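What follows is a set of notes on a single structure, which appears directly below.
The values are calculated or read from the model by the stated rules, or taken from the named source; none is laboratory data. It should be emphasised that the depicted structure is a prediction, and the values quoted were computed from it without experimental measurement. Cβ placement follows ideal geometry from the backbone for every residue including glycine, while neighbour counts extend to all protein chains displayed. Calculation scope for accessible area: heavy atoms of the full protein, side chains included, ligands and nucleic acids excluded. Shrake-Rupley method; radii C 1.70, N 1.55, O 1.52, S 1.80 Å.
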Amino acid sequence: MATPDFIRTLRATAGRQLLWLPGVTAIVFDDEGRVLLGRRSDTRRWSVIGGIPEPGEQPADCAVREVHEETAVHCVPERVVLVQALQPVTYDNGDVCQYMDITFRCKAVGGEARVNDDESLEVGWFAVDALPDLPDFALFRIKQALAEGPAWFAPATPG
């Protein structure tokens, strides 16, 4: 995953310490009900599409941008599916980040699914009942995107 310039600037003074960052995930469905996935170049695993908003960028705009940048598919966000603080991640270089993820259900409206940048090895459409091996993170988001109802969030801890 390419590191945005604004994070490189932060890292110049923050070092490898924990950075709290926004994250956006897009669960994109086509007219046949298939979900768009990419096989990531960093982990070599299939996953849903996502990324980090640029400063000032709206989360829905980030979802549209990331989907197009990674897959050449054009999409329209339909609703917020989930909001969740994720566990901290330590990258191979020692950088530590923690993300507040906002997941959108999106509808594909154009473009041909293909690898469109260096973040993916493959991209493709998959029937929901024939998904490749996916991390729990991705499976949970697909499940929530298929469900009707309000956005999912972790219940507040009584205080």
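Before moving on, here are some points about what is shown:
- The distance separating the Cα centre of segment 1-66 from that of segment 116-159 comes to 14 Å.
- Charge dipole (debye, nearest 20) of segment 6-134; +1 at Cβ of Lys and Arg, -1 at Cβ of Asp and Glu: 360
- Percent accessible area from carbon and sulfur atoms, the chain, protein chains only, probe 1.4 Å: 54
- Distance between modelled label sites at ASP136 and MET100, nm, 7 Å Cα→Cβ extension: 2.4
- Leading residue at positive end of dipole, segment 1-131 (Cβ point charges), from TRP20, VAL128, VAL115: TRP20
- Between GLU122 and THR157, the FRET efficiency from the beta-carbon distance, with R0 = 41 Å, is close to 0.55.
- Take the Cα of ASP42, go 7 Å toward its beta carbon, and the backbone nitrogen atoms of segment 3-36 under 12 Å from that spot belong to 3-4.
- Approximating the spin labels as points 7 Å out from Cα along Cα→Cβ, the ARG8-to-TYR91 distance works out to 1.1 nm.
- Accessible surface calculations at 1.4 Å, restricted to protein heavy atoms, place the chain at 55 Å² per residue.
- Backbone HN-Hα couplings from phi across segment 86-94 [Karplus 6.51/-1.76/1.60, Hz, Gly and Pro as x]: 8, 6, x, 10, 10, 7, 3, 7, x
- With a cut-off of 15 Å between beta carbons, the residues surrounding THR13 carry a summed charge of +1, where Lys and Arg count +1 and Asp and Glu -1.
- Each Lys or Arg adds one and each Asp or Glu takes one away; over the other residues whose Cβ falls under 14 Å from the Cβ of VAL83, this sums to +2.
- The per residue volume of the convex hull around the alpha-carbon atoms of the chain is 130 Å³.
- Residue by residue, segment 6-21 carries 3J(HN,Hα) couplings of 5, 6, 4, 5, 4, 5, 4, 10, 7, x, 8, 4, 4, 10, 8, 10 Hz when phi is fed to the Karplus relation 6.51 cos²θ - 1.76 cosθ + 1.60 (θ = phi - 60°); x denotes Gly or Pro.
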